[in-house]
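Accompanying notes for the structure given below.
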Amino acid sequence: MSNITQVISANKSMTTWTKGVTASGLDSVLNGVGPYTVFAPSDRAFEKLDKGVLDNLMKPENKAKLLDVLNHHVISGKVNFKDLKDGEKLKALNGKELHVHVNNGHVKIEGSEIQEHDLASSNGVIHSLDTVMVKN
């Protein structure tokens, strides 16, 4: 089975996330043993960012900021969609809390709704988000 980086790289709706993971060096972590849970924004989610935000993050001199933003979308451990509970707080790799809201079968992480979920990998699970969790 493929690891997180390989699964995301093969997903046609996560090309922007893949570029960011590679540019930030996060791929070296997501290729590791894990397990990890990744809340990966879709390409459509990145398109919602204010003009210039993504281009600015992708500049080599902003690698640390990019890594911080991407680490905000990853937690240690494997959490499947059905196991996410309303009011739960998850700790992202950047040390910040992620708040989970469940309502009528819809799950939001910090206000970003999970679209595709439970994409399996050898070292964790991936859920696709409709919004990037960053202040733009």
(request) Can you give me the number of residues within region 64-85 that are β-branched (V, I, T) and without any contact (Cβ under 8 Å) to a residue 40 or more places away in the chain? (result) 1
(message) Just to be sure I understand, how many residues within region 81-93 are assigned to a helix (DSSP H, G or I) and surrounded by 13 or more Cβ atoms within 10 Å (Cβ to Cβ)?
(response) 1
(request) Pairs only if they're at least six apart or on different chains, beta carbon under 8 angstrom, first in region 96-107 and farther than 16 Å from L129 by Cα and modelled with pLDDT of 95 or more, second part of a strand (DSSP E or B) and of a type in the set (D, E, K, R); list them, first residue then second. (result) E97/K89; E97/K91
(request) Determine, yes or no, whether K78 is under 14 Å from I126 (Cβ atoms), touching a strand residue (DSSP E or B) at 6+ places or on another chain (Cβ under 7 Å) and in a loop (DSSP other than H, G, I, E, B). (result) yes
(request) Return yes or no: is V38 among the aliphatic types (A, V, I, L, M), closer than 17 Å to V125 by Cβ and modelled with pLDDT under 95? (result) no
(message) Can you pull out every residue in region 120-136 that is surrounded by fewer than 19 Cβ atoms within 10 Å (Cβ to Cβ) and more than 12 Å from the chain's Cα centre (by Cα)?
(response) A120, S122, K135, N136
(request) Among the residues of region 94-114, count how many are surrounded by 15 or more Cβ atoms within 10 Å (Cβ to Cβ) and outside any strand (DSSP E or B). (result) 1
(request) Taking the residues in region 27-52 that are surrounded by 15 or more Cβ atoms within 10 Å (Cβ to Cβ) and among the acidic types (D, E) as candidates, determine which candidate is farthest from T131 (Cα to Cα). (result) D27
(message) Condition first: surrounded by fewer than 18 Cβ atoms within 10 Å (Cβ to Cβ) and either within 14 Å of the chain's Cα centre (by Cα) or basic (K, R) (or both). Now tell me which residues in region 54-79 satisfy that.
(response) K59, K63, K65, N71, S76, G77, K78
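The values are calculated or read from the model by the stated rules, or taken from the named source; none is laboratory data. In this text the structure is predicted, and so the values were computed from the model without any measurement. Cβ sites come from the backbone with ideal geometry, for glycine too, and all protein chains shown count toward neighbours.
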